[in-house]
Amino acid sequence: MLGILGGMGPLASAEFLKTIYEYNLPLTSEQDTPKVILYSDPSFPDRTELLLKGNEIMLQNILLEVLPRLIDLGVTKIIICCITSHYLLPRLPQEFTQDIISLVDVILNSVVKTPQLYLLLCTKGTIQHKIFQNHPLWNNAKKYICLPNLKDQELIHNTIYKIKQQGKIVQAQDIITHLKLTYKVDALIPGCTELHLLSKSANNIINSNVNNNRVLDPLILIAQKLKQYL
């Protein structure tokens, strides 16, 4: 049984739950669909704000409080539906991390297996704390990943928060399309789970190209191969 620690933001994790069932429709009956528990807690403090203020211990303590609740419910694997929070994974006890599917692992493994030029889209917290750059697979993947300049990183961060707070998918789509053309990349990496809403949007440039590696959305990749990840 999969456990999702969500609420960061709530629409993104709810959409991920929907994605799981979209990719795992029952062959015979609904009883064949995956067992999933979504623990959605929107009261989590802003992860980027905490990290940039050097107050990561507060986030760490919250994770240490909530993760056991999911484990007690009988989940076998956990996905923390917030990539910025992955900064804390190396600091958590192994009894928790051994059950967590790291979205950064999923992304960088996929980059190495499907090499092309990607643009990484993520929050300021993820970039400044080098969540991707400090990963063991970064040296193998970095030649395929383009990081935006400071001005465009600020634009990406603000775009993510507009999706989170105002649901502005269409405006975000236009910005991402512009950045993709500006950086002349082959594909995009939604390095923030909030962008899962964009990659699921019916009218965006990403939606029809998931299987052609035009976007490397870790939540879609997990949904597609859920049995393998479990």
Q. If we keep just the residues of segment 35-48 that are touching a helix residue (DSSP H, G or I) at 6+ places or on another chain (Cβ under 8 Å) and surrounded by fewer than 16 Cβ atoms within 10 Å (Cβ to Cβ), which is nearest to Cys122 (Cα to Cα)?
A. Pro45
(Q) Quick check on my filter: what residues within segment 148-160 are under 21 Å from Asp186 (Cβ atoms), of a type in the set (A, V, I, L, M, F, W, C) and out of contact with any Leu (no Cβ under 6 Å at 6 or more places or on another chain)? (A) Leu155
Q: For residues that are assigned to a helix (DSSP H, G or I) and touching a residue at least 12 places away in the same chain (Cβ under 8 Å), tally how many sit in segment 146-160.
A: 8
**Q.** Which listed residue, of Asn139, Asn134, Asn109, is surrounded by fewer than 18 Cβ atoms within 10 Å (Cβ to Cβ), in a loop (DSSP other than H, G, I, E, B) and of a type outside the set (Lys, Arg)
**A.** Asn134
Q: Could you list all residues from segment 178-219 that are outside any loop (DSSP other than H, G, I, E, B), hydrophobic (A, V, I, L, M, F, W, C) and either over 22 Å from Ile100 (Cα atoms) or at pLDDT below 95 (or both)?
A: Leu179, Leu181, Ala187, Leu188, Leu195, Leu197, Leu198, Val210, Val215
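The values are calculated or read from the model by the stated rules, or taken from the named source; none is laboratory data. Quantities reported herein were computed from a predicted structural model and do not represent experimental measurements. Glycine gets a Cβ as well: all are built from the backbone with ideal geometry, and neighbour counts include every protein chain shown.
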